[in-house]
Amino acid sequence: MTMAYIIFVNPAILSAGGATGIPFEAAVIATCIGAGLMSMIMGLLTNTPFAMASGMGINAVVIFTIVFGLGMSWQQAMGIIVIEGIIVTIFVLTGLRSMIMR
């Protein structure tokens, strides 16, 4: 219940009142599916009661810095985030993240 606000705040930031081209309804559905699916995976794989959902910081950076600031499309911005996620995942799986943090 404490994370329910994310269902409405995340799509509001991502759609920015229609200025970004991201449909509000689609963002609501994606937020719910992402949070629900990742929360279930977290519970099943780690046996911990942690709920997972979109971070409120990265969505603001994506929209206000990348889309509005740099003039990229929202599709390009989401592509950047996917590539960043792949790179971080590779760092974690190879142990490079731990080496960097030491």
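Each reported figure results from applying straightforward, stated rules to the coordinates on display, with no laboratory input. Computed from a predicted model, the values in this text were never measured in an experiment. In this analysis, Cβ positions are derived from the backbone assuming ideal geometry, glycine residues included, and neighbour counts consider all displayed protein chains.
Starting from 0.36 nm per residue, how many nanometres of slack lie between Met38 and Phe8 once their C-alpha separation is accounted for?
Length gained between Met38 and Phe8: 9.0 nm.
At 0.36 nm per residue, and after removing the present C-alpha to C-alpha distance, how many nm does the segment from Gln76 to Ala30 gain when stretched out fully? Kindly include the intermediate steps, with their values, before the conclusion.
Values: separation 46, 0.36 × 46 = 16.56 nm, distance 1.74 nm.
Length gained, Gln76 through Ala30: 14.8 nm.
Using amide H atoms built 1.01 Å from N in the peptide plane, name the residues 5+ places from Met52, or on other chains, whose amide H lies under 5 Å from its own.
For Met52, the qualifying residues are Ser39.
What nm distance separates the two modelled labels at Val61 and Ile86, each placed 7 Å from Cα along Cα→Cβ?
1.9
What distance in nm separates the two pseudo spin-label positions at Thr46 and Thr94, each 7 Å out from Cα along the beta-carbon direction?
Label at Thr46, label at Thr94, 2.4 nm between them.
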